[in-house]
Amino acid sequence: MSSNQSNTQRWIWVTLPWIALLGCTQDRQVVIKSRPVSAIAVRTVAVQSAPIQRSTTQPASVHAFFRSTIRARITGYVKELQADIGDLVQAGDLLAVVDVPEQFMQREVLQSQVRRLEAQERRFQSGVDLAQAGVVASSAMVAQAVSQFAGIDAAFAAAEAEFTRTEDLVQRGSLQVKMLDEARFKRDAEAARREAAEAAVASAEADLMVARAKLDAAKSELQAAEASTDVARKQLNALEIELQFARIVAPIDGIVTQRTVEPGDLVHADSAVADESSLFVVSQTDRVRVRLAVPETDAPLVRTGDKMTLVLPSLDGDRVIAGAVTRRSGELDPGTRTMTVEAVIDNPDGLLLPGMFGQATIDFQGQASATVLPSRSVRFSEDGTAFAYALDEQDRVEVIPLEVGFDNGNLIEVKGVSAGRRVIAANLNRFVDGQKVSVLP
């Protein structure tokens, strides 16, 4: 046998089994394709209309009821520290002392100035009293001069009347002429006395005017002295108030949560950066505020008094802290479209620490009726769109999009489907529109 014939026979024996096997495989594929596909068996649930307790669960944070940042109101060196972090303090307790020797020296200067001005005030008061006495004396002199003038004026009137009567009798010849001369002399003498008394009255009145002017001047000087003293006293009072800031005290009851100052540090009252002058932070933690941001869709439902539960991962997982909504901001943040809601919770044991983070659930007041489905009957596509597999009367599948709302973990509020509609329950298979299924009883 030639070599060519031997190779040909060898190829035939090698390839025949593969040809036979290929033929068998093709026959099996034909058999499989021709086998009928059975409908997938499914269970269904009906869309229900049920009352639900509306609620919202949002991230929440714990804040101190009050948090006071204490900054310097006076420039100086820290002389003493009386409190440290973790110390419980009450309002008015001393935290630190700032050394300000220049202000204490200025206080002594102002105190001396006030004493000097008060002495000057007393001196001017004596001047007023003296001027007042001068007015009284001048008034008495005026009264005396007026009284004397009245007596002299009466004597002058009598002498004038006697002169007139004597002149009449002399003209009739009843008296001698020398009697008229005597009466004239007496009248002229009284007239001179009258003029002198009148001048004395005018002089006394002038002295009274001078005394009154001196009194007014003394009063003006006293008022000026009193004003100067008042200015000095107010400067001293302002300095006393400033010196009170050398004693750093707690503004509220609470715990010292921060201390950023050391003995000997220079603190500034006029620091350009507020944090640079921060000395202590005192936080009131016997009550805390729990704050959460409620989205726009739930914000109108929040009412004061709504029940709230708080779960914090830093505490035991099963521990639920109960509270109630204390206040709501009443407006939405334009950036986040959320409304701030706050609940005040008593914290006598200090379990809740400011800065803790967790989740808070608010149960809205009243119940609402909604169409719901079991949560496992609602599917979600890759882009997050919710849908469900509904069935028609011939048990054919219809993929219907859903708008979901309230979700309590068991039931989901759905919109876009009517109550009573049959929907495929939890099932791992995927279905397409028009697909026939077999409904299990």
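Taking region 369-423 as the range and being of a type in the set (Lys, Arg) and without any contact (Cβ under 8 Å) to a residue 40 or more places away in the chain as the test, only Arg379 passes. Within region 166-181, the set of residues being open to solvent by 50 Å² or more (accessible area, probe 1.4 Å) and free of Cβ contacts under 8 Å to residues at least 12 places away in the same chain comprises Asp168, Gln171, Arg172, Gly173, Ser174, Leu175, Gln176, Val177, Lys178, Asp181.
Rundown of residues vs (1) within 21 Å of Arg233 (Cβ to Cβ); (2) part of a helix (DSSP H, G or I); (3) not polar (S, T, N, Q), yes/no style:
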{"position": "Gln106", "(1), (2), (3)": "yes, yes, no"}
{"position": "Val109", "(1), (2), (3)": "yes, yes, yes"}
{"position": "Val114", "(1), (2), (3)": "yes, yes, yes"}
{"position": "Gln125", "(1), (2), (3)": "yes, yes, no"}
{"position": "Leu130", "(1), (2), (3)": "no, yes, yes"}
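If you check Ala158 against the conditions, is it under 30 Å from Ser220 (Cα atoms) and part of a helix (DSSP H, G or I)? No: the conditions fail for Ala158. Could you identify the single residue in Ala196, Ala213 that is of a type in the set (A, V, I, L, M, F, W, C), in a helix (DSSP H, G or I), modelled with pLDDT under 90 and open to solvent by 50 Å² or more (accessible area, probe 1.4 Å)? Exactly one residue qualifies, and that residue is Ala196.
Of all residues in region 86-94, none satisfies being closer than 30 Å to Thr257 by Cβ and in contact with a Ser or Thr (Cβ under 7 Å, 6 or more places away or on another chain). Taking the listed residues Phe364, Phe357, the one that is farther than 30 Å from Ser283 by Cβ, under 41 Å from the mean Cα position of the chain (by Cα) and touching a residue at least 60 places away in the same chain (Cβ under 8 Å) is Phe364, with no other qualifying.
Residues that are part of a strand (DSSP E or B) and open to solvent by 40 Å² or more (accessible area, probe 1.4 Å) within region 294-323 comprise Lys307, Thr309, Val311, Ala322, listed in sequence order. Only one of the numbered conditions (1) among the aliphatic types (A, V, I, L, M); (2) loosely packed, with under 15 Cβ neighbours inside 10 Å; (3) out of contact with any Pro (no Cβ under 8 Å at 6 or more places or on another chain) is not met by Ala145, and that is (2). Within region 82-100, the set of residues being in a strand (DSSP E or B) and either among the charged types (D, E, K, R) or open to solvent by 50 Å² or more (accessible area, probe 1.4 Å) (or both) comprises Leu88, Asp99. Screening region 388-441 for strands (runs of 3 or more DSSP E) wholly inside it with 2 or more residues that are crowded, with 18+ Cβ neighbours inside 10 Å returns the ranges 397-407, 411-415, 422-424.
Residue-by-condition table, conditions (1) of a type in the set (Lys, Arg); (2) under 27 Å from Leu130 (Cβ atoms):
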residue: Glu190; (1), (2): no, no
residue: Ala211; (1), (2): no, yes
residue: Lys234; (1), (2): yes, no
residue: Gln258; (1), (2): no, no
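Residue under question is Ala119, and the condition is that it be under 60 Å from the mean Cα position of the chain (by Cα), within 30 Å of Ala224 (Cα to Cα), open to solvent by less than 60 Å² (accessible area, probe 1.4 Å) and not β-branched (Val, Ile, Thr); does it hold?
Values: under 60 Å from the mean Cα position of the chain (by Cα): yes; within 30 Å of Ala224 (Cα to Cα): yes; open to solvent by less than 60 Å² (accessible area, probe 1.4 Å): yes; not β-branched (Val, Ile, Thr): yes.
Yes, satisfied.
The values are calculated or read from the model by the stated rules, or taken from the named source; none is laboratory data. Predicted, not measured: the structure shown is a model, and the values here were computed from it. Every residue, glycine among them, receives a Cβ derived from its backbone with ideal geometry; neighbour counts consider all protein chains shown. For the accessible areas, the whole protein counts, side chains as well, though only heavy atoms, and no ligand, DNA or RNA atoms are used. Shrake-Rupley method; radii C 1.70, N 1.55, O 1.52, S 1.80 Å.
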